[in-house]
Structure formats: C-alpha cells, structure tokens
1. Mind checking which of GLN32, ALA91, THR22 is farthest towards the positive end of the chain's charge dipole, using Cβ charges of +1 (Lys, Arg) and -1 (Asp, Glu) about the Cα centre?
2. Which value, in debye to the nearest 20, gives the size of the charge dipole of segment 80-142 about its Cα centre, when Lys and Arg are +1 and Asp and Glu are -1 at the Cβ?
3. Please give, to one decimal in nm, the separation of the simple spin-label points placed at ASP277 and THR293, each 7 Å out from Cα toward the Cβ.
4. Just order 11-23, 309-321 by mean Cβ neighbour count inside 10 Å, highest at the front, would you?
5. Going down the list LYS97/LYS181; LYS123/LYS299; LYS53/LYS149; LYS92/LYS212; LYS92/LYS149, which pairs span over 31 Å between their C-alpha atoms?
6. Please state the shape class of segment 132-236: rounded when a/c is under 1.5, otherwise prolate if a/b exceeds b/c and oblate if not, all from the C-alpha gyration tensor.
7. Grab the other residues whose beta carbon is less than 14 angstrom from that of ALA165, score K and R as +1, D and E as -1, and report the net.
8. Would you mind calculating the gained length between ASP13 and ARG182 on full extension (0.36 nm times residue separation, minus the Cα-Cα distance), in nm to one decimal?
Amino acid sequence: MIQYRYQGSGFADWRAALEQYTREQLLDMFFQLLRIRRVEESIESRYHEDEMKTPIHLVIGQEASCVGVCGVLTRNDLVYCGHRTHGVYLAKGGDLKAMMSECYCRANGCAGSKGGSMHLLDKNVGMAGASAIVAGIVPIATGAALTAKMRDETWVSVVFFGDAATEEGAMWESLNFAALKRLPVIYICENNYFSVYSPLSNRQPAAVDIFKKAESFGLNSHVVDGTNVLAVREAMTTAIGRARSGEGPSFIETRAYRWRGHGGTGDDSASGYRDPDEVTLWQQYCPVELFSTFLTENKILDASRRQAMETHIDGEISAAFEFAINSAMPTERDLYAHVYSD
Ligand SMILES: Cc1ncc(C[n+]2csc(CCOP(=O)(O)OP(=O)(O)O)c2C)c(N)n1
C-alpha cells in the first residue's frame, strides 16, 4: 500500500522566482544537484568491490535540500549533519577527492581516515562535524551557535538531520535553548518518512506535523517541498536573514523520499517495509530531472550545456576515484594523531 505521496506542486508556481536569480546561479544550482547525483551513483556502482571500508547512506532523491540550504551559506557558516553526509559535504563546497579518500580510508581523507562516509569533516569549507548518533549532532550545532552569539560573530550554525531525530530528547532540549537564547542556528529536518525500516506513522502521531512541533517551541518554522531546490532555498533565505539579524533560530522541514535503502546500495523495498510502487511514484518527482525540465522550458539550460556538465562531472569523478585509490593508507603513527587520551 502506498502510504506517502508527493504533496508538492512541482515547479508550476515557480516561474516568477526565476527573476530573483541570475542565470549563473540557476545553472550552478542544477550543476550541484547533478554532481551529487552522479557522485552517489558512482559510489554505488563501485561499492561491491569492497574497497570502500565504510558504511554508506546515499542521498539520492533528497539532493534538493542540501543544495537549497548550502546555496545561501558562506564558507564561514558552519554546517553539521547526521549520517547521510555526502550531499551536504559537496553542496557546502567540500573537496570530492578528499571525500573519496575518506571513503577509501586513506590518510589524506577529509577526516584523516578516521571518520568514513558518516563523519565527513572539513574545516576549510565549514563542514564542522557529523554524528551517526541519531540527533547527537543537534546539541553540538546548537552549542556552536551559542559560541557565535557570545562572541558576536556573524556566522550561522546549520544542522541537518532526519525525521527520526525528532524522536530524541536532545532535539527538543536544543530547540528550547536556541529559542530562549535567540541563537543563530537553523535546523534542517530532512523528512523522508522512514527511520531505517520504520515508517513515520509507526513512530509519531499523524495529527501533528514535525514543523508544527518546532513552531510550538518558539521557532520560526516552515515545511517545504524537499524535491524543489527553489522552495528549499526560499525558506532558507528567510531563515538565514533572521539568524544574521539576531531574530533567532528557524526550523525547516523538507519533505522528500529516499530512493535507495537506508544504508548500502540499491532499493531494499523487497524486504516489505515499504511498497515498491511508492518508490516508483516518488521517482517521478526527481529533484534533478524536474529542475532540468523547468530550466530547459525557461531557456536557461539546453542539451549542450547539460552535456558539458555531465562530461565535466564524469571527469571529476574518475579523477577523484583514481586519486583516492592511489593515495596512501594511514600508518600506525597516524592512528595516534588527534587522539586525546592514553
Ligand atoms: C540514538 C540512536 N538510536 C538508534 C540508532 C540507529 N539508527 C541509525 S540511523 C537510524 C534512522 C535514522 O533515520 P532518520 O534520522 O530519519 O534519518 P534517515 O536515515 O532517514 O536519513 C537509526 C534508528 C542510532 N544511530 N542512534
């Protein structure tokens, strides 16, 4: 039985929004979406070789939230996230070679081979940390925002997490504190309706939307179509404006669907926890292809431009795999670096 249907309206109402952006900005948003999709597909295609010694959680189907959010951030703004890291890292300007090296556990990986896919970290681009403990990263990101406020800094703290994180006490304690202290923090809840194999309907009462709960804690709160990069970006623009001008925290619930299994490669619907037709249905609302069609219809993207992007991304991905595979493994000495206890 299909339980979760797409509730958005695609790009039908977004024509006027095109005027807010330059052609380059729109093409860049599309490029970022396409790049994340192609990187994920290539990781998926080589994962069976068992050389990437890391669990992976693919973001295919949910790319628009990463690109829509990170598109309005500066390098100095800090981003935190849960275990589904690849899209956030790339959208924040992360280095693809350093990310691939991390997946291959190489010493020059962005987390020095100690993190793997779930713990991408790169201070050069403001990728401040990730945690695989559900909601574990939320108080940390909130604490960072307290630092920004106490030091009178202009940067903002942004944290991505899934719907399951809103079933943890640490989440609500953080929201309460952030609202009380009017902290410059933006909470991005990527609601894909599942916590591993458990649908939202088995975990939370249907009568109260997640973003409404956040609103009741005193946060500026929105729900958006998480397959539409422009919708995410619009909500994020409001949120970042408020955070930078001292108006306090915001909460954005983005609704999209994870096309692949919770972890690893391929679709795992055959195990029975969701209807395979539900996956097929959501694939009609592809964040990459619907934006491509929209831009093409509005004469911003054409076939040759798209092909040039595909070729560029292909080259970048091949180079990143080659770089990672040919990089050195960590030495025994590396194991003791950045370790703070005996
Ligand atoms: C505190 C805690 N409980 C349980 C787990 C096991 N676990 C790992 S991922 C996950 C579900 C995460 O779902 P969600 O936060 O909605 O993110 P999604 O995977 O859907 O992106 C669970 C329960 C964990 N890592 N941490």
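1. Toward the positive end, the furthest listed residue is THR22.
2. On the way: 6 positive and 3 negative charges, 8 e Å.
So the dipole magnitude of segment 80-142 works out to roughly 40 debye.
3. 2.1
4. In descending order of packing, they fall as 309-321, 11-23.
5. Check vs 31 Å cut-off fails for LYS97/LYS181; LYS123/LYS299; LYS53/LYS149.
6. Prolate.
7. Details: positive: ARG84, ARG203, LYS213; negative: ASP163, GLU167, GLU168, GLU173, GLU190, GLU253.
It works out to a net charge of -3.
8. Answer, rounded to one decimal: 57.5 nm.
Every number in this text was worked out from the coordinates using simple rules, so none of it is lab data. Being a predicted model, the structure only gives us computed values, none of them experimental. So basically every Cβ, Gly included, is an ideal-geometry build from the backbone, and we count neighbours across all protein chains shown.
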